[in-house]
Every structure is written in structure tokens, then in C-alpha cells.
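The structure under discussion appears below in the form of C-alpha cells.
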Amino acid sequence: MRYTVQHIATIVSGSLKGQTSGFIEHLLLDSRQVIFPQTALFFALVGKRHDGHHYIGQLYAEGLRHFVVSKPLPWSDYPEASFIQVEDTLKGLQQLAYYHRHQFPLKTIGITGSNGKTIVKEWLFDLLHLDFRIVRSPKSYNSQIGVPLSVWQIRPEHNLGIFEAGISEMGEMERISPIIDCQ
């Protein structure tokens, strides 16, 4: 799936700064894992010990041109870049994943619990992969960040999704569950 930068700005209720053209196919959260910089969108996530905004200059130098940010930047320092400014970049990532998920009439299985989610997911895949075209969480992607990245993998050819949902803090399931949307 490809989304225009303008369409993503609308989906995440963001304000578009800089260039307004471009197509997005890949999501990037880690500045050390740049692939497909022309079609990647970097979410400058802010956490207790990190701030993705610190890596924008480096990413721009590596050819990345599309960013979701929550802080104002010197936009003119990045003349070829598109910036989507939102209040909360994590929420923006989740909104985009929610929108993407709901573009597909996909049956889903959600797996949660304190232990064994990944092994159950893999067992289900082994049992069902001959009968279904399955998209599933890679590794143990089951957090507020991992679930959106897992759901972003959905393509038109898939007819079953198997996703993990972990819970490590209060209110987390309320944010993750609508993204997976088990039907």
C-alpha cells in the first residue's frame, strides 16, 4: 500500500510543513535501520530516555525526506523534506495503523496474556498457513509501537491476521485493541 504524505497528514490530524508531495510505503522508528529512504516515514517518538527529533538531521543526510514530529523544527534547514507535525507522535503512529488496518476486510486473531503469546502465534501460523494467506506480528511485536508496525504489514492478499497484544501499563489494551480489531 502507498499513501501520499498529504493523506497521512489528514489521517493523523497533522499539520503539513515543507514539501507536500511524496509517497509512503515504509514506517521507520529507528534511525539505525534506514531502508528505502525515498518512501519511508520516520516517526520521531519521544520516550523517557530518547527523543527521535535528535536524529532528524542525520536521517535527512541519509536521504530520508518524510517525518512525523511533535516539536517545531527549523523547517528551512530541510528544504526537500515533508514534516507532519502532530501533538503526539506515538498517537499519530497508532492512528495511521488503525486507518491502514481498516482498509482491509481481514479476519483477525488477537493473542494476549502474560506469557506464551509468541509461541501460540507461531503454532497458529503453522496450523493455518496452508489454508490462509496470513499476516502476523514479527517476532514479539506486541507493544503500543509493535502492534502498529505489525498491522502496517497487511496487504490486499492477506485474509487472516494473527497479532500479539502485550500489556505492560494501565490503559495499554484500550489503545492496542482497536488497531488489531478482532472480527
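Dipole magnitude for segment 105-168: computed about the Cα centre from +1 point charges on Lys and Arg Cβ and -1 point charges on Asp and Glu Cβ, it is near 120 debye. When only the Cβ of Lys, Arg, Asp and Glu is charged (+1, +1, -1, -1), the dipole of segment 35-183 relative to its Cα centre reaches about 160 debye.
Is the shape of the chain best called rounded, prolate or oblate, per the rule: a/c under 1.5 gives rounded, else a/b larger than b/c gives prolate, else oblate, with a ≥ b ≥ c the square roots of the Cα gyration tensor eigenvalues? Working shown, then result.
Details: a/c = 2.12, a/b = 1.74, b/c = 1.22.
Here the chain falls in the prolate category.
Placing a pseudo-label 7 Å from each Cα along the Cα-to-Cβ vector at residue 58 and residue 115 gives an inter-label distance of 3.7 nm.
Expressed as a rounded percentage, what relative contact order does the chain have, with Cα pairs under 8 Å and six or more residues apart? It would help to have the intermediate numbers written out before the result.
Numbers: 331 pairs, mean separation 36.4, N = 183.
Relative contact order of the chain: 20 percent.
Taking a ≥ b ≥ c as the square roots of the eigenvalues of the Cα gyration tensor, segment 1-47 is oblate, since a/c reaches 1.5 or more and a/b is not larger than b/c.
In terms of its C-alpha gyration tensor, segment 85-183 comes out oblate, because a/c is 1.5 or above while a/b does not outweigh b/c.
List the pairs from 107/139; 17/117; 17/107; 71/117; 17/91; 91/121 whose alpha-carbon separation is above 29 Å, in the order I gave them. Let's see the in-between values first.
Values: 107/139 20 Å; 17/117 40 Å; 17/107 37 Å; 71/117 36 Å; 17/91 19 Å; 91/121 26 Å.
Among 107/139; 17/117; 17/107; 71/117; 17/91; 91/121, the Cα-Cα distance tops 29 Å for 17/117; 17/107; 71/117.
A straight line joining the Cα centroids of segment 17-72 and segment 118-162 runs 25 Å. Using heavy atoms of the protein chains and a probe of 1.4 Å, the accessible area assigned to residue 149 is about 40 Å². Among beta bridges from DSSP that stay inside segment 1-117, the antiparallel ones total about 45%. Packing here is the average count of other Cβ atoms within 10 Å per residue, and on that basis the peptides 5-11, 81-87, 69-75, highest first, run 81-87, 5-11, 69-75.
The values are calculated or read from the model by the stated rules, or taken from the named source; none is laboratory data. Only a predicted model underlies this, so the values are computations on that prediction, with no experimental measurement involved. Neighbour counts run over all protein chains shown; Cβ positions are idealised from the backbone, glycine included. To get the accessible areas, we keep the full protein, side chains included, count just its heavy atoms, and leave off ligands, DNA and RNA. Shrake-Rupley method; radii C 1.70, N 1.55, O 1.52, S 1.80 Å.
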